[in-house]
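J.: Before anything else, here's the structure in question.
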Amino acid sequence: MSFSALATELAELETCGLRRTRRLLQSPQGAHVTVDGCEFVAFCSNDYLGLAAHPELVRAAQEGAGRYGIGAGASHLILGHSAAHHALEEALSGFVRLPRALLFATGYMANIGVITALMGRAAAVFADRLNHASLNDAVLLSRARFRRYPHLDLAALERLLAASPARASSW
């Protein structure tokens, strides 16, 4: 695609009010935020528990950065699994009373990791059309048969399930 074609597409999106732009968040996450110089009540944050700017967590992050540095440098299997991550996984496994726990940096990574580990070419996944993109990406990467149905249309899901040669997993 040429730059002029891209510019034309962007102009069309702008005309239709569909061109998205990044906004500048100028405050910590919280119930009230400053975005592009304006104060707002935030209804779109993923900081459900309001912990992103909690003073104790900020202090703990500063201490952790001082002790361990910033970033891993490589994956856990290449350079090593951080003692801090290991301790947190052990604490979490104890909290949920399971033998092990595994940390992922984001929900997106968790979906990719879990779904690709559990699904394969022989599997079938049936998904609501409005599922998060990370779930869709994970299923595509797993190579499972991917069947999507209209949002909340359980009758359509039932038809897809009935027509599918896939069977429930034994695990």
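J.: In segment 62-83, which residue that is among the aliphatic types (A, V, I, L, M) and within 15 Å of L103 (Cβ to Cβ) is modelled with the highest pLDDT?
T.: Across segment 62-83, the extreme among qualifying residues is A83.
J.: Answer yes or no as to whether L88 is among the hydrophobic types (A, V, I, L, M, F, W, C) and either in contact (Cβ under 8 Å) with a residue 24 or more places away in the chain or surrounded by fewer than 12 Cβ atoms within 10 Å (Cβ to Cβ) (or both).
T.: No, not satisfied.
J.: State whether the residues of segment 86-99 include one that is at pLDDT below 95 and in a loop (DSSP other than H, G, I, E, B).
T.: For segment 86-99, residues at pLDDT below 95 and in a loop (DSSP other than H, G, I, E, B): absent.
J.: May I ask you to list the residues in segment 87-113 that are of a type in the set (A, V, I, L, M, F, W, C) and over 12 Å from the mean Cα position of the chain (by Cα)?
T.: Passing the criteria: A87, L88, A91, L92, F95, V96, L98, A101, L102, L103.
J.: Hey, any hits in segment 47-57 for a residue that's surrounded by 13 or more Cβ atoms within 10 Å (Cβ to Cβ) and without any contact (Cβ under 8 Å) to a residue 24 or more places away in the chain?
T.: Yes, that holds for at least one residue.
J.: Right, next: Kindly indicate whether any position in segment 39-58 is touching a Pro at 6+ places or on another chain (Cβ under 6 Å) and farther than 30 Å from L6 by Cα.
T.: So far as segment 39-58 goes, yes, one or more of its residues are touching a Pro at 6+ places or on another chain (Cβ under 6 Å) and farther than 30 Å from L6 by Cα.
J.: Further question on the same structure: Return the only residue of L140, L135, L152, L161 being free of Cβ contacts under 8 Å to residues at least 60 places away in the same chain and outside any helix (DSSP H, G or I).
T.: Only one candidate passes the filter, namely L152.
J.: Could you please let me know if C38 is under 20 Å from the mean Cα position of the chain (by Cα), of a type outside the set (A, V, I, L, M) and surrounded by fewer than 10 Cβ atoms within 10 Å (Cβ to Cβ)?
T.: So C38 fails the test.
J.: Filtering segment 1-36 down to residues that are among the charged types (D, E, K, R) and not in a loop (DSSP other than H, G, I, E, B), which residue is nearest to H54 (Cα to Cα)?
T.: Ranking the qualifying residues of segment 1-36, first place goes to E14.
J.: Being in a strand (DSSP E or B), of a type in the set (F, W, Y) and touching a residue at least 24 places away in the same chain (Cβ under 8 Å) is the requirement here; does F126 meet it?
T.: It is true that F126 is in a strand (DSSP E or B), of a type in the set (F, W, Y) and touching a residue at least 24 places away in the same chain (Cβ under 8 Å).
J.: Please give the number of the condition S27 fails out of (1) within 28 Å of H132 (Cα to Cα); (2) in contact with a Lys or Arg (Cβ under 9 Å, 6 or more places away or on another chain).
T.: Here S27 clears every test but (2).
J.: Hey, among R129, R145, which residue is under 26 Å from Y48 (Cα atoms) and among the charged types (D, E, K, R)?
T.: R129
J.: Right, next: Residues R148, R59: which one is of a type outside the set (A, V, I, L, M), under 21 Å from the mean Cα position of the chain (by Cα) and modelled with pLDDT of 95 or more?
T.: Answer to the selection: R148.
The values are calculated or read from the model by the stated rules, or taken from the named source; none is laboratory data. Everything numeric here is computed off the predicted structure, so don't read it as measured data. Reconstructed Cβ throughout: ideal geometry from the backbone, glycine too, with neighbour counts over all protein chains shown.
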